[in-house]
Amino acid sequence: MHMKFSVPTAATLLASGLLLVTGHTAPTPVGSPVVVTTYNITSGIPPEGLSSIGFPIIIHDAVEGYSIGQAVQFGHITTNQGTLALQPYQNSAGSTLVRAVYSSYVPGTTTSDKARCRNPGTPDGPVIVCTWSVPAIYNTPYYLRIWHTGDSTWSVSVNNACLQLPIPLGTFALPDDAGLIQASDYGFVEYLPWTSVEQPDCSTLPYQRSTFWIPAESTVWGFPEQTGACAGEINASVGRLGTTLEVRSGFPGQTGA
């Protein structure tokens with residue numbers, strides 16, 4: 001059954017008590033997302049955590065500037081997070097591509113993968129960013145996967161039915177005590193041009209529509225919420241169809257200016 005409902009703000013959820021339903025504490029998102037929803041894998045998780053996880057995401061409609069993805073938490077320190085995201089953009093030739101990105105916010109992350117990963121050197125930003133561009137294929141799931149390859153090393157890839165083979169995004173190393181991936185974290189829709197804007201013009205947010213699939217059969221979605229300076233003013237709604245969430249936000253025809 002398909003159910004569509006508006007996305008409330010965090011204040012509305014707290015007032016109603018709905019934020020307590022999911023059974024785990026929602027982490028503090030990194031960056032500046034406009035919509036956030038938590039996920040919780042309720043069974044089949046080893047005590048030490050997961051050594052791999054994958055997230056199918058469909059981009060139906062989105063413009064350059066959006067970052068749509070999922071976060072993972074390593075170990076039991078809530079700030080030890082990484083995010084996997086899809087970012088549509090146009091290159092200098094006018095072709096539409098999707099930049100698949102992994103960002104590590106775990107202090108002490110290192111990489112020797114100079115072809116795909118780098119240290120952006122931004123205060124309060126990610127320690128390491130790994131990225132690769134692939135053809136923009138809308139309305140078909142992209143599959144973002146992260147897995148432990150041994151010792152403290154992790155790898156990330158992106159795939160799509162039209163790409164046929166997983167494309168490496170990069171390899172990096174976490175501190176020895178970082179731990180494995182935990183059962184819960186959050187999905188997000190972020191508009192990157194607003195990251196450094198204290199009070200954007202909310203009515204200019206471009207339209208996007210994307211679908212999040214569960215990473216495991218026993219996954220429970222939390223209640224989506226609007227976040228940031230424009231919470232409650234971005235025309236956000238979510239449609240539930242089985243175990244998927246279709247998230248819409250923004251206004252058709254707007255450019256974010």
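Which residues, taken from region 183-200, are within 28 Å of Trp221 (Cβ to Cβ) and small (Gly, Ala, Ser)?
Initial filter on region 183-200 (within 28 Å of Trp221 (Cβ to Cβ)): 183-195, 200.
Hits for region 183-200 are Ala183, Ser184, Gly187.
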Query - Complete set of residues in region 145-192 that are outside any strand (DSSP E or B) and of a type in the set (Ser, Thr, Tyr) - result: Ser152
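Among the candidates Gly94, Gly82, Gly108, which residue alone is on the phi > 0 side of the Ramachandran plot and either β-branched (Val, Ile, Thr) or touching a residue at least 40 places away in the same chain (Cβ under 8 Å) (or both)?
Gly108
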Query raised in the report: So is Ser218 free of Cβ contacts under 8 Å to residues at least 24 places away in the same chain and not basic (Lys, Arg) or not?
Result: no
**Report entry** Matching residues, region 227-254, being within 19 Å of Ile59 (Cβ to Cβ), surrounded by 16 or more Cβ atoms within 10 Å (Cβ to Cβ) and among the aliphatic types (A, V, I, L, M)
**Finding:** Ile234, Ala236, Val238, Leu245, Val247
Query - Any pair with Cβ under 6 angstrom, 6 or more apart, that starts in region 237-257 at a residue that is over 19 Å from Pro193 (Cβ atoms) and ends at one that is among the acidic types (Asp, Glu) and outside any strand (DSSP E or B) - result: none
Query raised in the report: Inside region 75-88, can you point out the residues that are in contact with a strand residue (DSSP E or B) (Cβ under 6 Å, 6 or more places away or on another chain) and of a type outside the set (A, V, I, L, M)?
Result: Asn80, Gln81, Gly82, Thr83, Gln87, Pro88
Query raised in the report: Just one of Ala26, Ala85, Ala71 is of a type in the set (Gly, Ala, Ser) and either modelled with pLDDT under 90 or in contact with a Cys (Cβ under 6 Å, 6 or more places away or on another chain) (or both); which is it?
Result: Ala26
Query raised in the report: Do we have Val127 as under 17 Å from Pro175 (Cα atoms), out of contact with any helix residue (DSSP H, G or I) (no Cβ under 7 Å at 6 or more places or on another chain) and surrounded by 15 or more Cβ atoms within 10 Å (Cβ to Cβ) here?
Result: yes
Requested in this report: Identify the single condition in (1) at pLDDT below 95; (2) out of contact with any Phe, Trp or Tyr (no Cβ under 6 Å at 6 or more places or on another chain) that Ser103 does not satisfy, given that it satisfies every other one.
Outcome: (1)
Query raised in the report: How many residues are within 23 Å of Ser218 (Cβ to Cβ), among the hydroxyl-bearing types (Ser, Thr, Tyr) and surrounded by fewer than 20 Cβ atoms within 10 Å (Cβ to Cβ) when one looks only at region 139-182?
Result: 1
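The values are calculated or read from the model by the stated rules, or taken from the named source; none is laboratory data. Not measured: the values here are computed from a predicted model. Positions of Cβ are backbone-derived with ideal geometry, glycine not excepted, and every protein chain shown enters the neighbour counts.
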